[in-house]
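The values are calculated or read from the model by the stated rules, or taken from the named source; none is laboratory data. Since we're looking at a predicted model, the values are computed, not measured. For neighbour counting, all protein chains shown are included, and Cβ atoms are generated from backbone atoms with ideal geometry for every residue, glycine included.
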Ligand SMILES: NC(=O)c1ccc[n+]([C@@H]2O[C@H](COP(=O)([O-])OP(=O)(O)OC[C@H]3O[C@@H](n4cnc5c(N)ncnc54)[C@H](O)[C@@H]3O)[C@@H](O)[C@H]2O)c1
């Protein structure tokens, strides 16, 4: 009898969720996906994994999924990736974010509690820290988001903490830093058109899908003046979710909040240089002004996740992250017939 419980992945057709689906499947967990395909893609879900096309606020659908997947009454887990993720859009349309990220997460958690699904892993973000005063950032740093996206995620974290105290339910909030790269076997990757993630944008430029890469800000307090970020390979991140799930099952009374990053940073120019080296060409850089609210440097302190989980990153090397992103971008060109 397997000790692996059924897992429902929300947003499993999206960038990070589809990597989590692969990580779960590769490790032998029974997995199903709910996704409304607003920014996700059917092709991102591996064969044999059921896709329930629908919205995470649909309680009737969730009840049916739990019944069909053998979840509830103390069994099963939810990995919750579904959400809206564009920071500037959240400033223009905050209600969309409080609806899709906060209110719908509430509906999902309510369905889980009602059915008795006891474990929950939540995609949180470094945006919950806002502009931290100290870097590397620990989990105990003040949480003061500077945009509705970060706030919508922080509100969900708070909700989960309260629910875990009131019900037989534990959760893990993983605060991701900058997620990048793609599945090493190029089974999935970041497929969103118009993405703003630097490495995605840079490999698009390297393949001629964009004319240049904009560098926002050259006067930051960093060695080369451009912003420094902690890029984490999406497959290492997905693996952290699988390990966090095992930890939640092993310690039912305990919830966790952990940063997900490598604890080191690269500047925008260092990333672009790495892409140039991997592709053996020179991407055009256009220097532009800073965007509002961009910190100089945002690096995780990852001591907690390393002390809590047997997490050993496998793809932390920047050229490897770039190579995997590039391989996926090439495959995507074929898939889309671009
Ligand atoms: N990409 C990053 O660098 C990053 C950083 C920190 C946190 N996160 C978080 O990780 C999660 C996944 O991000 P991603 O980059 O994979 O984004 P994504 O847009 O690729 O994936 C989100 C998925 O959720 C689905 N979805 C959205 N709203 C839904 C709803 N109401 N019901 C059902 N499905 C819905 C979309 O169709 C999509 O497949 C998000 O919650 C995001 O906030 C991402």
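Some points to look at:
- Per this entry, residue 243 is not counted among residues that are surrounded by 24 or more Cβ atoms within 10 Å (Cβ to Cβ), in the same structural domain as residue 145 (by TED's automatic domain parsing) and at pLDDT 95 or above.
- Restricted to segment 55-70, and to residues there that are in contact with a helix residue (DSSP H, G or I) (Cβ under 7 Å, 6 or more places away or on another chain) and more than 16 Å from residue 99 (Cα to Cα), the residue that is surrounded by the most Cβ atoms within 10 Å (Cβ to Cβ) is 62.
- On inspection, residue 132 does not qualify as touching a residue at least 12 places away in the same chain (Cβ under 8 Å), within 14 Å of the ligand (Cβ to nearest atom), over 30 Å from residue 63 (Cβ atoms) and part of a loop (DSSP other than H, G, I, E, B).
- Criterion applied to 264, 210, 277 was being without any contact (Cβ under 8 Å) to a residue 60 or more places away in the chain, assigned to a loop (DSSP other than H, G, I, E, B), more than 19 Å from the chain's Cα centre (by Cα) and away from the ligand (no atom under 16 Å from the Cβ), and the one residue passing it is 210.
- Annotation note: of 14, 40, 83, 48, the sole residue that is free of Cβ contacts under 8 Å to residues at least 40 places away in the same chain, within 8 Å of the ligand (Cβ to nearest atom) and in contact with a helix residue (DSSP H, G or I) (Cβ under 9 Å, 6 or more places away or on another chain) is 40.
- Test for residue 27: is it in contact with a strand residue (DSSP E or B) (Cβ under 6 Å, 6 or more places away or on another chain), surrounded by fewer than 24 Cβ atoms within 10 Å (Cβ to Cβ) and either within 19 Å of residue 70 (Cα to Cα) or assigned by TED's automatic domain parsing to the domain that holds residue 109 (or both): no
- The listed residue being within 15 Å of the ligand (Cβ to nearest atom) and farther than 30 Å from residue 329 by Cα, out of 237, 160: 160
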